[in-house]
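Take a look at the structure below.
We did not get these values from a lab; they are worked out from the coordinates using the rules stated. Owing to the predicted nature of the structure, the values given are computational and were not obtained by experimental measurement. Please note: Cβ atoms are built from the backbone with ideal geometry, for glycine as well, and neighbour counts cover all protein chains shown.
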Amino acid sequence: MRAFDYIEIRVPAKPQYVSVIRLTVSGLASRVGFSYDEIEDLKIAVSEAVTNVVQHAYKDHEEGEIVIGNALYHDKIEVMVSDYGTSFDFQEVKSQIGPYQENENVALLREGGLGLYLMETLMDEVRVNNNEGGVTVFMTKYVTREQVNSNVQSITT
């Protein structure tokens, strides 16, 4: 038996499908046990990754596809957003827009930096793989639960 369930969807790289992806991720995150606020964070981060594909991966008249893979564990969700379009150098883009200061005014970030900033801020882990034929973003979010282990003995005074 696998330690996780894997759900994958493929949609055209068009803006009208961003909401479909948000709803899908929301439903899956709910099954794992995320809180409302954690689900909202997930939806924003995934939306940013998908929007980057829609806006930048495929040339003007090129038909493209977005693959969204979701691995559901008992304590986390891993979301993969992948395309087969034009690749970019993540480290170069990141170096031009970061580092971010805790009190930095988000409105002043250069265009293109806000999506990466949001993904890294709202998710626990973010990795970007640049392939010759596209970009894959891996994002992980852990369920925040009470920090008490089960079967712990009580200490009385």
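Let's see how each residue does on (1) under 19 Å from LEU72 (Cβ atoms); (2) polar (S, T, N, Q):
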{"position": "ALA3", "(1), (2)": "yes, no"}
{"position": "ILE7", "(1), (2)": "yes, no"}
{"position": "LYS14", "(1), (2)": "no, no"}
{"position": "VAL32", "(1), (2)": "yes, no"}
{"position": "ASN52", "(1), (2)": "no, yes"}
{"position": "HIS56", "(1), (2)": "no, no"}
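List the pairs whose first member sits in region 1-30 and is aromatic (Phe, Trp, Tyr), whose second member is part of a helix (DSSP H, G or I) and surrounded by 13 or more Cβ atoms within 10 Å (Cβ to Cβ), and whose Cβ atoms are under 9 Å apart, counting only residues at least 6 apart or on separate chains? From region 1-30, the pairs are TYR17/VAL50; TYR17/VAL54. Among all residues of region 25-48, there is none that is crowded, with 19+ Cβ neighbours inside 10 Å, among the aliphatic types (A, V, I, L, M) and in contact with a Pro (Cβ under 9 Å, 6 or more places away or on another chain).
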